[in-house]
Structures are given as structure tokens and as C-alpha cells.
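Novice: Provided herewith is a single structure, encoded as C-alpha cells, for subsequent inquiry.
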Amino acid sequence: MNEAFESIKQGLDEALRHAAGEPVAAVVHRRESIDVRAIRDKVGLSETEFAASVGVRRETIREWERGIRTPRGPARILLDIIARNPDIITSAR
């Protein structure tokens with residue numbers, strides 16, 4: 001078997017052991033949950049205003065705040081930036 005196959009196999013074996021609760025040598029990355037409501041409250045905007053500021057629908061903000069959906073990709077990164085620097089929203093408006 002070739003080197004790529006062995007590498008993939010090792011990764012899958014480690015993933016299965018990790019899922020079973022066994023310790024593994026691989027680095028495990030865990031995403032922290034993001035509190036969209038707290039971020040929105042921090043910047044002092046309504047759902048509609050905040051949605052317009054981050055470029056999503058108001059319904060999306062509601063779904064994030066209620067835990068129905070989770071922000072991912074660029075939206076998640078933008079929310080992380082706003083959480084660390086809430087003034088960025090007011091300076092961009």
C-alpha cells in the first residue's frame with residue numbers, strides 16, 4: 001500500500017479511537033459555542049439592524065440566537081471579530 005493510504009488509514013483509526021473515548025496522539029480542535037445574542041446586545045442593535053450589519057437575514061439572526069442553526073464559515077469569523085471589537089460595527093455603519 002502506498003504512503004497516502006497509510007496516512008489516511010492512520011487518521012481514520014485515530015478518529016475512531018477518539019470517538020470511542022480513547023486517548024489519541026492527534027490534535028483535537030473543539031469549536032467553542034458562540035453567543036450571538038450576547039454579541040448583538042454588546043453592540044446595542046436590534047435583530048434587524050444587526051442582521052443588516054453582518055449581511056444576513058433577520059430570520060438567520062433569530063435562528064442563531066435560539067440555537068436552531070449555528071453560524072459557520074465567514075459569518076462565524078465575522079461574529080468572532082465583532083465579539084472581540086464591538087466598536088467595529090459602529091465604525092462601519
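What follows draws every value from the coordinates through simple rules; no lab data is involved. None of the values given here were measured: they were computed from a predicted structure. Positions of Cβ are backbone-derived with ideal geometry, glycine not excepted, and every protein chain shown enters the neighbour counts.
Novice: Among ALA26, ALA20, which is the only one that is free of Cβ contacts under 8 Å to residues at least 40 places away in the same chain and either under 30 Å from GLY55 (Cβ atoms) or in contact with an Asp or Glu (Cβ under 6 Å, 6 or more places away or on another chain) (or both)?
Specialist: ALA26
Novice: Kindly indicate the residue of the range 36-54 that is assigned to a loop (DSSP other than H, G, I, E, B) and without any contact (Cβ under 8 Å) to a residue 12 or more places away in the chain and also nearest to ILE89 (Cα to Cα) among those meeting that condition.
Specialist: Of everything passing the filter in the range 36-54, GLY44 is nearest to ILE89 (Cα to Cα).
Novice: Can I ask one more? Could you count how many residues in the range 64-93 are acidic (Asp, Glu) and more than 13 Å from ASP35 (Cα to Cα)?
Specialist: Matching residues across the range 64-93 total 1.
Novice: I'd like the residue in the range 35-70 that is surrounded by fewer than 16 Cβ atoms within 10 Å (Cβ to Cβ) and of a type in the set (Val, Ile, Thr) and, out of all such residues, is nearest to ILE81 (Cα to Cα).
Specialist: Only one residue tops the list, namely THR70.
Novice: Another question, then. Could you list all residues from the range 14-34 that are outside any loop (DSSP other than H, G, I, E, B), among the charged types (D, E, K, R) and either in contact with a Cys (Cβ under 7 Å, 6 or more places away or on another chain) or surrounded by fewer than 12 Cβ atoms within 10 Å (Cβ to Cβ) (or both)?
Specialist: If the condition is that a residue be outside any loop (DSSP other than H, G, I, E, B), among the charged types (D, E, K, R) and either in contact with a Cys (Cβ under 7 Å, 6 or more places away or on another chain) or surrounded by fewer than 12 Cβ atoms within 10 Å (Cβ to Cβ) (or both), then no residue fits.
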